[in-house]
């Protein structure tokens, strides 16, 4: 008889965004109305896909060398670790990134913003974390862009990142923002998380030690995934 | 608790996620030719107005045909691992909100207290307008183990419970893989049962 596996920690109130956040208009027809069914974690929730051994395809960590020429924009390095709540590195997990170009335009047919596409920039990459849970991308800083959520609304510059972690309940899809951006205070997507300390997690730090002289600015950003309720003991 | 780090908040995938997340081949979990009964799961995602959601992404995670997950924390050594089955799939909806997966029918897996869980697939839903993804499950119509499944049997309202059960629509034997229909209603009277995990 196997003992029940140790569940993952549930989020503390206010540290994750709600389903319905009316200031972000698209939530109004897409947020469920009925309360979700609380269910204790089983093997189904506590396992998840692994992406070591190249299952997710080759790493593509340099978004500035995917075309013939160099993309326009401010070159930047994004480096950090994927950690659990106890600060332990999450190794061998897939990190997927997508973003708009330096002018604020996505290489995507739905994006009709009147800003130029860059023939040398697609804006997508992926990397598997190393044994220390580290990842690193080289890209260009994305631009801010308008959206129709409310009159004269602008999204702060951001990168989209998605990471799996060890279990189906550790899955994270998030956005990384830049320090000091005046648009953050006005952005309902950023503001949707009530807890100010949790929101700070979404902002990268400029790190001169990561910058490469005469080449690229360095930003450091760790992603923290849910951890276990307690440290699991190895079964006898 | 106090010395734990706060996990990073979720943010919406937005309308342009296909740039980074679209992997058209990942909706076929049978690419490696695994053991087990082939099935197709088709459906549609609709919003609170019943309008199709053309910018949603569904991810699924499941046990193999024997009921074992391809993960080190699944220590059911009495069941075989299938080297040709990883158990993870992903599909973006099309312009009409439709999605389609090909996979193998999962075996039953243990639940808490060693209660058996009926065969099911674990599902995540992402879309523009979802600040944090939704969790749900797919069970299978006609499965005897459904009656005693801990999650299904905990839902008193049959209408709600049935939102988790994919309907068998045909196929099988010479007609190709069995086809199941399972829709996601994000909001409203027929809203899908979502899970807080």
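Worth pointing out:
- Residues in the stretch A:20-49 that are more than 7 Å from chain B (Cβ to nearest Cβ) and out of contact with any helix residue (DSSP H, G or I) (no Cβ under 7 Å at 6 or more places or on another chain): A:22, A:25, A:28, A:35.
- Residue among B:57, B:81 that is more than 21 Å from residue B:139 (Cβ to Cβ), surrounded by 16 or more Cβ atoms within 10 Å (Cβ to Cβ) and at pLDDT 95 or above: B:57
Residues checked against (1) over 30 Å from residue B:114 (Cβ atoms); (2) assigned to a loop (DSSP other than H, G, I, E, B); (3) at the interface with chain A (Cβ under 8 Å from one of its Cβ atoms); (4) out of contact with any helix residue (DSSP H, G or I) (no Cβ under 6 Å at 6 or more places or on another chain):
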{"residue": "B:8", "(1), (2), (3), (4)": "yes, yes, yes, yes"}
{"residue": "B:20", "(1), (2), (3), (4)": "yes, no, yes, yes"}
{"residue": "B:34", "(1), (2), (3), (4)": "no, yes, no, yes"}
{"residue": "B:39", "(1), (2), (3), (4)": "no, no, no, yes"}
{"residue": "B:67", "(1), (2), (3), (4)": "no, yes, no, yes"}
{"residue": "B:71", "(1), (2), (3), (4)": "no, yes, yes, yes"}
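- Failed item in (1) over 19 Å from residue A:193 (Cα atoms); (2) touching a residue at least 40 places away in the same chain (Cβ under 8 Å); (3) more than 7 Å from chain B (Cβ to nearest Cβ); (4) more than 20 Å from the chain's Cα centre (by Cα), with residue A:52 passing the rest: (4)
- Residue match in the stretch A:20-43 (condition: crowded, with 17+ Cβ neighbours inside 10 Å and within 17 Å of the chain's Cα centre (by Cα)): no
- Selection status of residue A:80, within 13 Å of another protein chain (Cβ to nearest Cβ) and outside any loop (DSSP other than H, G, I, E, B): yes
- Residue list for the stretch B:176-192, filter: surrounded by 22 or more Cβ atoms within 10 Å (Cβ to Cβ), in contact with a strand residue (DSSP E or B) (Cβ under 8 Å, 6 or more places away or on another chain) and either within 7 Å of chain A (Cβ to nearest Cβ) or part of a loop (DSSP other than H, G, I, E, B) (or both): B:182, B:186, B:192
- The residue that is nearest to the chain's Cα centre (by Cα), among those in the stretch A:183-236 that are at pLDDT below 95 and surrounded by fewer than 18 Cβ atoms within 10 Å (Cβ to Cβ), is A:229.
- Of all residues in the stretch B:41-55, those that are within 19 Å of the chain's Cα centre (by Cα) and assigned to a loop (DSSP other than H, G, I, E, B) total 4.
- Condition check for residue B:6: buried (at least 23 other Cβ atoms within 10 Å of the Cβ) and over 13 Å from residue B:85 (Cα atoms): no
- Residue check, residue B:99 under 13 Å from the mean Cα position of the chain (by Cα) and at pLDDT 95 or above: yes
- Residue within the stretch A:113-127 that is under 19 Å from the mean Cα position of the chain (by Cα), more than 10 Å from chain B (Cβ to nearest Cβ) and part of a loop (DSSP other than H, G, I, E, B) present: no
- Across the stretch A:135-161, the number of residues qualifying as assigned to a strand (DSSP E or B) and under 14 Å from the mean Cα position of the chain (by Cα) comes to 7.
- Checking each residue in the stretch B:121-133 for being surrounded by 21 or more Cβ atoms within 10 Å (Cβ to Cβ), part of a strand (DSSP E or B) and within 7 Å of chain A (Cβ to nearest Cβ) picks out B:122, B:126, B:127.
- Annotation note: Cβ proximity below 6 Å between a residue of the stretch B:153-175 that is assigned to a helix (DSSP H, G or I) and a residue that is at pLDDT 95 or above (sequence gap 6+ or interchain) occurs for B:160/B:193; B:161/B:152; B:161/B:155.
- Residue under evaluation residue A:106, criteria (1) facing chain B (nearest Cβ under 7 Å); (2) surrounded by 18 or more Cβ atoms within 10 Å (Cβ to Cβ); (3) out of contact with any helix residue (DSSP H, G or I) (no Cβ under 8 Å at 6 or more places or on another chain); (4) within 29 Å of residue A:188 (Cβ to Cβ), criterion not met: (3)
The values are calculated or read from the model by the stated rules, or taken from the named source; none is laboratory data. Note that this is a predicted model, so its numbers are computed, not measured. Here Cβ is always computed from backbone atoms with ideal geometry, including for glycine, and neighbour counts include all displayed protein chains.
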